[in-house]
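Student: Quick one: the structure is below, and I'll ask about it shortly.
The values are calculated or read from the model by the stated rules, or taken from the named source; none is laboratory data. None of these values were measured; they are calculated from a predicted model. So basically every Cβ, Gly included, is an ideal-geometry build from the backbone, and we count neighbours across all protein chains shown. Ligands, DNA and RNA are stripped out before the accessible areas are found, and what is left, the full protein with its side chains, is counted by its heavy atoms. Shrake-Rupley method; radii C 1.70, N 1.55, O 1.52, S 1.80 Å.
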Amino acid sequence: MIVPKFGLGTFRLSGQTVIDSVKTALEVGYRAVDTAQIYANEAEVGQAIAESQLNRNELFITTKIWTDHYAPEKLIPSIKDSLRKLRTDAVNLTLIHWPAPKLGISIAEVMQALLEAKQQGLTEYIGISNFNIELTQQAINSIGLEHIATNQIELSPYLQNHRLVDFLQSQNIDVTSYMTLAYGKVLNNPVLQDIAAQHQASTAQIALAWAMQQGFAVIPSSTKREHLIANLFAQEIQLTKDEMSTIAQLDRNAREISPEQLAPLWD
């Protein structure tokens, strides 16, 4: 895998809250941080990283390009702006945040501009987010499979998205799972609670372990030190085959995020 299997998400966190979350996460052992231009918190993430005094080469920083910056003449300037905010010469991974087919986005054009950013040394790796199979194939066709590190997609025990996952894994594209806890909706699931009891773990840890055991990278967010630490420990949990099969039965195709103008037709 190119993408670290465990990182910190920063979606919906802003101001001092995101600074504290990132600083605490780095303090307790996280080394990957995920942000995006639309989160409007890149500067705060950059500040928290600077204040942590960790060496830049110890960290894996991901950001995502917003639709306003997809035009070829805007994409690279927008990455440079993100780099200024993040206080770094280059990020490790830059993703196209949404394919936005209804906005008339040319996947080939935006991927070629992103590849140019990589060739200029602004980002170590590039990838996509929220792309379905057809659009992932368009991205592959436009710049070559070897340049697409990951597709970051919504996945949780309630949204297992097998067709897309199988396709990505068949292409050796890393799967990054976001919203793995479905906004906390999976936390009170009795099936997950039973499995958690067997492992003396929390349901959050079980959901994260389920994702990692399938080879997905995860990026849960939290503002509480104890939750940040507990989430990290999900890496130690080994679920049995039966437990994985039981969780597979929870799939209900329940999607939390699908903005009409930005989302593709889901597989």
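Student: Specify the residue that is nearest to Ser129 (Cα to Cα); the eligible residues are those in segment 193-233 that are small (Gly, Ala, Ser) and in contact (Cβ under 8 Å) with a residue 40 or more places away in the chain.
Tutor: Ala217
Student: Counting only residues that are in contact with a strand residue (DSSP E or B) (Cβ under 6 Å, 6 or more places away or on another chain) and of a type in the set (D, E, K, R), how many does segment 174-195 have?
Tutor: Going through segment 174-195 one residue at a time, the tally reaches 1.
Student: So, one more: Of the numbered conditions (1) under 26 Å from Leu26 (Cβ atoms); (2) of a type outside the set (A, V, I, L, M, F, W, C); (3) in contact (Cβ under 8 Å) with a residue 40 or more places away in the chain, Pro157 fails exactly one; give the number of that condition.
Tutor: Condition (1) is where Pro157 drops out.
Student: In segment 44-74, which residues are surrounded by 20 or more Cβ atoms within 10 Å (Cβ to Cβ) and of a type in the set (S, T, N, Q)?
Tutor: Result: Thr62, Thr63.
Student: Counting just the residues of segment 75-90 that are within 17 Å of Gln119 (Cβ to Cβ) and among the aliphatic types (A, V, I, L, M), which one comes out surrounded by the most Cβ atoms within 10 Å (Cβ to Cβ)?
Tutor: Residue satisfying both the conditions and the ranking: Ile79.
Student: Out of curiosity, is Ser222 under 16 Å from the mean Cα position of the chain (by Cα) and either more than 18 Å from Met1 (Cβ to Cβ) or crowded, with 16+ Cβ neighbours inside 10 Å (or both)?
Tutor: Answer is yes for this residue.
Student: Being in a helix (DSSP H, G or I), open to solvent by 20 Å² or more (accessible area, probe 1.4 Å) and closer than 25 Å to Thr150 by Cα narrows it down to one residue among Gln205, Gln193, Gln238; which is it?
Tutor: Among Gln205, Gln193, Gln238, only Gln205 is in a helix (DSSP H, G or I), open to solvent by 20 Å² or more (accessible area, probe 1.4 Å) and closer than 25 Å to Thr150 by Cα.
Student: Kindly provide the set of residues from segment 128-154 that are part of a strand (DSSP E or B) and in contact (Cβ under 8 Å) with a residue 60 or more places away in the chain, ordered by number.
Tutor: Result: Ser129, Ala149, Thr150, Gln152, Glu154.
Student: If Ser177 passes every condition in (1) part of a helix (DSSP H, G or I); (2) closer than 27 Å to Thr94 by Cα but one, which one does it miss?
Tutor: The one condition Ser177 does not meet is (1).
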